Amino acid sequence: MSKESESCCSVPPADSNASLCPEDGFAGKPVDFTTVAALANGPVPPRQTFRLCHDAECDVVYYGSAGAVLTVSDLNVQPGFKSAGDGLVCYCFLHRKDDIARQLSESGETTIFDSIESEVEAGNCACDVRSPSGKCCLGEVRETIRILEKEMGVNA
Ligand SMILES: [Zn+2]
């Protein structure tokens, strides 16, 4: 396994006895309670160990060790990795998949990754309380750009 990230961008890996999403059985990665509490649009759920379901077709975003479940509509952001979401890929600076696609179609390139990266380097990100995964969005943004470039026939 490659060492993917450090600093603000790291989360602990899922344990081997990871609990699974009650909806679709996805093996979610742990998310800090602070992140769940910050993104819940209702009252803060009871404190427990939460995991993130990353399956695009599943409506569940967080599920907890004591049975709490938060779906897309229970959050104050609409995660771009959910098909029910609105395509948001950077939750700190509010970039959407559509913004990247528009830049790519207009100029064949996008400045969004670099723009986010400079903000992160300047210490302006707050992924723990803005991003559903609680971690940096750059990996997902890079992947989104790669997929869009392929779909749109744009050469990087
Ligand atoms: Zn799920």
Confirm whether Val31 is within 12 Å of the chain's Cα centre (by Cα) and modelled with pLDDT of 95 or more.
yes
Inside segment 117-148, can you point out the residues that are of a type in the set (Ser, Thr, Tyr) and touching a residue at least 24 places away in the same chain (Cβ under 8 Å)?
Ser131, Ser133, Thr144
Under 7 Å between Cβ atoms, at least 6 apart or on separate chains: pull out the pairs that start in segment 52-67 with a residue that is over 15 Å from Gly80 (Cα atoms) and end on any residue that is within 10 Å of the ligand (Cβ to nearest atom) and part of a loop (DSSP other than H, G, I, E, B).
Tyr63/Cys21; Tyr63/Pro22; Tyr63/Gly28; Tyr63/Cys53
Complete set of residues in segment 35-58 that are surrounded by fewer than 18 Cβ atoms within 10 Å (Cβ to Cβ) and more than 15 Å from the chain's Cα centre (by Cα)
Ala37, Asn41, Gly42, Pro43, Val44, Pro46, Arg47, Gln48, Thr49
Quick check: anything in segment 85-101 assigned by TED's automatic domain parsing to the domain that holds Arg47 and more than 23 Å from Asp128 (Cβ to Cβ)?
no
Selection from segment 63-75 of residues buried (at least 18 other Cβ atoms within 10 Å of the Cβ), closer than 13 Å to Val44 by Cα and near the ligand (Cβ under 10 Å from one of its atoms) yields none
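The values are calculated or read from the model by the stated rules, or taken from the named source; none is laboratory data. Just so it is clear, the structure is predicted and the values come from calculations on it, not from any experiment. Quick reminder, even Gly has a Cβ in these numbers, built from the backbone with ideal geometry, and neighbours come from all protein chains shown.
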